[in-house]
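S.K.: Here it is, the structure, as C-alpha cells.
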Amino acid sequence: MKHFQDKVVRSLVTGAALALSNSALAAGFQLVEHSASGMGRAYAGEAAIADDASVLAANPAAMSLIEKSTFSGALSFIDPNVEVDGTRNIGPLPNLDAGKDSAAPSALVPAVYYVHPLNDQVTVGIGAFSNFGLETDYGNDYGASDIANKTSITTVNINPSVAYKLNDQFSLGLGINYVRAEAELLSTMPDSTGPLARAKNVDLSGDGDTWGWNAGVLWNLSQDTRLGLSYRSKLSIKLEGDIKSDTIAAFNDSGSLTVDLPDITELSLFQRINDQLAVHASVTYMGWEHFDKLEVKLNSGLDQVLKQENWDDSIRYAIGATYNVDNNLTLRAGLALDETPVAEENRSLSIPDADRMWYSIGATYKVNANISVDAGYTHLNGDKVYLSEESTLGEFNGSSEGDANLYSVQLNWVL
C-alpha cells in the first residue's frame, strides 16, 4: 500500500505543482506574455527597450526612459495544440490507446502597468502580470488519467518598482514582488480499471503567496546603443489546501506543498541602425536547478519527498528588429529559441518539456499624440519528444508534440 501511495502522490504532485510545460509556452512552465509590443519582437531586447510602461516587467531601471506618466494594458490569447500519442499497458490487458489530440485548453493572460516620473532622476511604477502558469486537461476518459488528468496553476505578480537615473549613462532599478498562486489537480483511475473506473485518486486544490525582489541596470553606451541587465529572485511558494481521494483514505486531509520557482537573469542589447531601423537581442538565464524535488506535507504527518526532479538551468535566446514606417506606424519581427530544462531521463507525461522556437511579428499604430495600440502574433513550434513512464497500474510509452498560436493586443495611454 505504501508503494501504491507513493506512486499516486508522485503522479499527482508532478502534474499539479507545476504543469504541462507545453501549455505554459515558454520552457519549463514560464510565462513571458507580458506585452503585445514585446510579443511582436519575440521579447528580444526587453531589458533595454522602453516602448511603453510594460518595460517595468523586464527591467525596472529602463523606466527612466519613460518621459511622461504612462498606462499600458495588454491582453494575450494563447491557443495551444498539444498532441500526445502513446499506449498504456495495464497488467495482462492488451495495450490501450493513451493518445490525446488536445491536452491544453486556450487561455487569456492579462497584464497592466503604470509608470510615473517624479522628477528628472526618479521614476516609479507598478505592474500586475504573471511569470508562471499553465492549464492542461486530459479528461476522465483518458487512458492514463492516473498519471495525468487535469492540472492548473495560476500566478499573479504585483510589482511596485522605482528607477533612479544616476547620470546620462546609467540608471538603476529596484522592485518588490508579491506573488499569489492557486493550483488545482484531478487524478482519476482509468476506465479500464473496472469498478474503480474514474474513481478519484487525488482531487487537490490549494493556494499560497510569497514575496520576492527584482533589480536592474540600464547603460546608455551612446545615443544609439543601450545595454540592459535585470534579475528576478528565486521564489518559494507554500501552497496550502485540501486533498480528497476515493482510493486512498490517508489522502483525505489538508496539507502543503512548497514549490521553488527559478531566478531569472536577462541581458539585452538595443542598437539603432538609423532613424527608421533598430535591432535588439536578449539572452535570458533561468535558474531551474532550484526545482530539484517535490515534497508533500500532510497534516496527518505524512511528510516525504515524492520525486527528485533534478531540472537543469536553461537559456532563452531572442533576436528582433523594429522598423518605423512613419510617425504613426511601427513594425516588428523576432525569433527566439527556448531551451528545455528537462533532461530526457527526467521527462514525464505530466511534464514532457521540449525545446521550442518562436516566430513573431507585430505593429504599433499611434492613434494620436497620447494613445497608441499594439498588436503582436507568435507561432510557437515545439520539438517532438519521446517518453516512457511507469505507474503502479502499468507503463505508458509514447511521444508528445506541441505548437501554439499567440495573439496579443495592448493599449498605451500617455497621461
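S.K.: Collect the residues in the stretch 188-207 that are free of Cβ contacts under 8 Å to residues at least 40 places away in the same chain and either of a type in the set (Lys, Arg) or in a strand (DSSP E or B) (or both), keeping them in residue-number order.
M.R.: Ser205, Asp207, listed by residue number.
S.K.: Right, next: Taking the condition of being open to solvent by less than 30 Å² (accessible area, probe 1.4 Å) and farther than 25 Å from Ala278 by Cβ, how many residues in the stretch 216-238 meet it?
M.R.: 4
S.K.: Please count how many residues of the stretch 152-187 are assigned to a strand (DSSP E or B), modelled with pLDDT of 85 or more and more than 15 Å from Thr123 (Cβ to Cβ).
M.R.: Of the residues in the stretch 152-187, 12 are assigned to a strand (DSSP E or B), modelled with pLDDT of 85 or more and more than 15 Å from Thr123 (Cβ to Cβ).
S.K.: Identify the residue in the stretch 114-169 that is among the β-branched types (Val, Ile, Thr) and closer than 30 Å to Lys200 by Cα and, among all such residues, is surrounded by the fewest Cβ atoms within 10 Å (Cβ to Cβ).
M.R.: Only one residue fits best here, namely Val156.
S.K.: Could you list all residues from the stretch 371-395 that are part of a strand (DSSP E or B), of a type in the set (A, V, I, L, M, F, W, C) and either under 18 Å from the mean Cα position of the chain (by Cα) or at pLDDT below 85 (or both)?
M.R.: If the condition is that a residue be part of a strand (DSSP E or B), of a type in the set (A, V, I, L, M, F, W, C) and either under 18 Å from the mean Cα position of the chain (by Cα) or at pLDDT below 85 (or both), then Leu380, Val385, Leu387 are the ones that fit.
S.K.: Checking Asp326 against (1) free of Cβ contacts under 8 Å to residues at least 40 places away in the same chain; (2) open to solvent by 60 Å² or more (accessible area, probe 1.4 Å); (3) under 29 Å from His290 (Cβ atoms); (4) not polar (S, T, N, Q), which single condition isn't satisfied?
M.R.: It is condition (3) that Asp326 fails.
S.K.: For the stretch 71-94, name all the residues that are small (Gly, Ala, Ser), buried (at least 16 other Cβ atoms within 10 Å of the Cβ) and over 19 Å from Asp353 (Cβ atoms).
M.R.: Passing the criteria: Ser72, Gly73, Ala74, Ser76.
Table: residues versus (1) hydroxyl-bearing (Ser, Thr, Tyr); (2) more than 25 Å from Val283 (Cα to Cα); (3) without any contact (Cβ under 8 Å) to a residue 40 or more places away in the chain; (4) touching a Phe, Trp or Tyr at 6+ places or on another chain (Cβ under 7 Å).
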residue: Ser35; (1), (2), (3), (4): yes, no, no, no
residue: Met39; (1), (2), (3), (4): no, no, no, no
residue: Ala47; (1), (2), (3), (4): no, no, no, no
residue: Ala74; (1), (2), (3), (4): no, no, no, no
residue: Gly86; (1), (2), (3), (4): no, yes, no, yes
residue: Pro117; (1), (2), (3), (4): no, yes, no, no
residue: Leu134; (1), (2), (3), (4): no, no, no, yes
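S.K.: Please verify whether Ala354 is assigned to a strand (DSSP E or B), surrounded by 14 or more Cβ atoms within 10 Å (Cβ to Cβ) and touching a residue at least 24 places away in the same chain (Cβ under 8 Å), treating the condition exactly as stated.
M.R.: So Ala354 fails the test.
S.K.: Please work out which residue is nearest to Thr340 (Cα to Cα), limiting yourself to the stretch 239-285 and to residues that are open to solvent by 50 Å² or more (accessible area, probe 1.4 Å) and of a type in the set (A, V, I, L, M).
M.R.: Result: Val283.
S.K.: Is there a residue being open to solvent by less than 80 Å² (accessible area, probe 1.4 Å), within 17 Å of the chain's Cα centre (by Cα) and without any contact (Cβ under 8 Å) to a residue 60 or more places away in the chain anywhere in the stretch 95-104?
M.R.: no
S.K.: Exactly one of (1) closer than 29 Å to Glu289 by Cβ; (2) in a loop (DSSP other than H, G, I, E, B); (3) at pLDDT 95 or above is unmet by Asn368. Its number?
M.R.: Evaluating Asn368 over (1) closer than 29 Å to Glu289 by Cβ; (2) in a loop (DSSP other than H, G, I, E, B); (3) at pLDDT 95 or above leaves (1) as the failure.
S.K.: On to the next question. How many residues, within the stretch 286-320, are surrounded by fewer than 17 Cβ atoms within 10 Å (Cβ to Cβ) and at pLDDT 90 or above?
M.R.: Count: 2.
The values are calculated or read from the model by the stated rules, or taken from the named source; none is laboratory data. If you're wondering where the values come from, they're calculated on a predicted model, not measured in any experiment. Ideal geometry is used to build each Cβ from the backbone, glycine not excepted, and the neighbour counts take in all protein chains shown. Only protein heavy atoms, including side chains, enter the accessible area calculation; ligands, DNA and RNA are left aside. Shrake-Rupley method; radii C 1.70, N 1.55, O 1.52, S 1.80 Å.
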